[in-house]
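For reference, the structure discussed in these notes is given below.
The values are calculated or read from the model by the stated rules, or taken from the named source; none is laboratory data. These numbers were taken from a predicted model, which means no experiment stands behind them. Using ideal geometry, Cβ is built from the backbone for each residue, glycine included, and neighbour counts are taken over all protein chains shown.
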């Protein structure tokens, strides 16, 4: 795929998956807008990209504020032109154990992971539909398939992201706008730092390479690593008592 004339907006681009994808997209020739709250980390990533001969723009914004995301998208269009690809990656994790469930913590996770994705889509989709060309990419999670221990908010948010983008894919059929939903497992990023019991943990560079193949092929959905994805899919067909028994005794959680 020739990225030299493509403009990509990546949210949650200050670290982890978002930063990795932004750097790789720029390396392949795309002009990239990096959106996140932490200006210093964004500018450091942009400096790295520009020094390597790429084109990038730091877009400090909070995805939970629609007006900020729209303003950032407008700034990116003014700088590089129409946005061809959105990578909706911004997200937060957190442990939400039912006994200590906090509505404020759940609200925060839902706002960032789900509403943040909605705000990102609405900032770019009108122009994509008008032009008859575009690509929406959601970074969801294997945690969106079923509820996992101590992960109620995160699982709910990722299930919401997956369902949201699946509905968008159906609605946008025949408009020229494609939709891809990526469900990663455990990846070495700041989000997973310090956690235990992460089966099939992947290096960030390996995960980014897989995601890039999905984006370039415009696949509708992709789950990885295959070993963990197979286990998670199998769990979807288990009877509830059996699934609950297994989940209580294992730690397949984000």
(message) Quick check on the stretch 109-119. Is at least one of its residues more than 18 Å from residue 42 (Cα to Cα), modelled with pLDDT of 95 or more and touching a strand residue (DSSP E or B) at 6+ places or on another chain (Cβ under 6 Å)?
(response) yes
(message) As an exercise: evaluate residue 105 against (1) at pLDDT 95 or above; (2) part of a helix (DSSP H, G or I); (3) in contact with a helix residue (DSSP H, G or I) (Cβ under 7 Å, 6 or more places away or on another chain); (4) under 30 Å from residue 248 (Cα atoms) and give the number of the one condition it does not meet.
(response) (1)
(request) Six or more apart or on different chains, Cβ under 7 Å: which pairs go from a residue in the stretch 228-250 that's within 24 Å of residue 207 (Cα to Cα) to one that's in a helix (DSSP H, G or I) and at pLDDT 85 or above? Could you list them? (result) 228/142; 229/142; 232/142
(request) Output yes when any residue across the stretch 175-183 is in a helix (DSSP H, G or I), farther than 20 Å from residue 1 by Cβ and either touching a strand residue (DSSP E or B) at 6+ places or on another chain (Cβ under 9 Å) or without any contact (Cβ under 8 Å) to a residue 60 or more places away in the chain (or both), and no when none is. (result) no
(message) Any residue that is under 24 Å from residue 209 (Cβ atoms), in contact with a helix residue (DSSP H, G or I) (Cβ under 6 Å, 6 or more places away or on another chain), assigned to a strand (DSSP E or B) and free of Cβ contacts under 8 Å to residues at least 40 places away in the same chain - is there at least one of those in the stretch 25-34?
(response) yes
(request) Taking the residues in the stretch 67-88 that are in contact with a strand residue (DSSP E or B) (Cβ under 8 Å, 6 or more places away or on another chain) and surrounded by fewer than 19 Cβ atoms within 10 Å (Cβ to Cβ) as candidates, determine which candidate is nearest to residue 132 (Cα to Cα). (result) 82
(message) Consider the stretch 128-143. How many of its residues are in a helix (DSSP H, G or I) and farther than 17 Å from residue 199 by Cβ?
(response) 4
(request) Look at the stretch 51-66 and say how many of its residues are at pLDDT below 95 and touching a strand residue (DSSP E or B) at 6+ places or on another chain (Cβ under 6 Å). (result) 0
(message) more than 15 Å from the chain's Cα centre (by Cα), surrounded by 23 or more Cβ atoms within 10 Å (Cβ to Cβ) and modelled with pLDDT of 95 or more: is that true of residue 22 in this structure?
(response) no
(request) Go through the residues of the stretch 1-18 one by one and say whether even a single one is buried (at least 24 other Cβ atoms within 10 Å of the Cβ), in contact with a strand residue (DSSP E or B) (Cβ under 9 Å, 6 or more places away or on another chain), outside any strand (DSSP E or B) and at positive phi. (result) yes
(request) Take the stretch 216-245 and flag every residue that is more than 20 Å from the chain's Cα centre (by Cα) and part of a loop (DSSP other than H, G, I, E, B). (result) 236, 237, 238, 239
(request) Starting from the stretch 197-221, take each residue that is on the phi > 0 side of the Ramachandran plot and surrounded by 14 or more Cβ atoms within 10 Å (Cβ to Cβ) and list its partners that are modelled with pLDDT under 95 and not in a helix (DSSP H, G or I), counting only C-beta distances under 6 angstrom and pairs at least six apart or across chains. (result) 200/185; 200/225
(message) Please count how many residues of the stretch 1-21 are free of Cβ contacts under 8 Å to residues at least 60 places away in the same chain and under 14 Å from residue 212 (Cα atoms).
(response) 3
(request) Only residues in the stretch 73-100 that are assigned to a loop (DSSP other than H, G, I, E, B) count as the first member; pair them with residues that are exposed (fewer than 14 other Cβ atoms within 10 Å of the Cβ), Cβ under 9 angstrom, at least 6 apart or cross-chain, and list the lot. (result) 81/5; 84/5
(request) Search the stretch 47-68 for residues that are at negative phi and pair each with any residue that is part of a loop (DSSP other than H, G, I, E, B) when their beta-carbon atoms are under 6 Å apart and the residues are at least 6 apart or on different chains. (result) 62/37; 63/90; 68/61; 68/62
(message) Can you confirm whether residue 161 is over 14 Å from the mean Cα position of the chain (by Cα) and crowded, with 19+ Cβ neighbours inside 10 Å?
(response) no
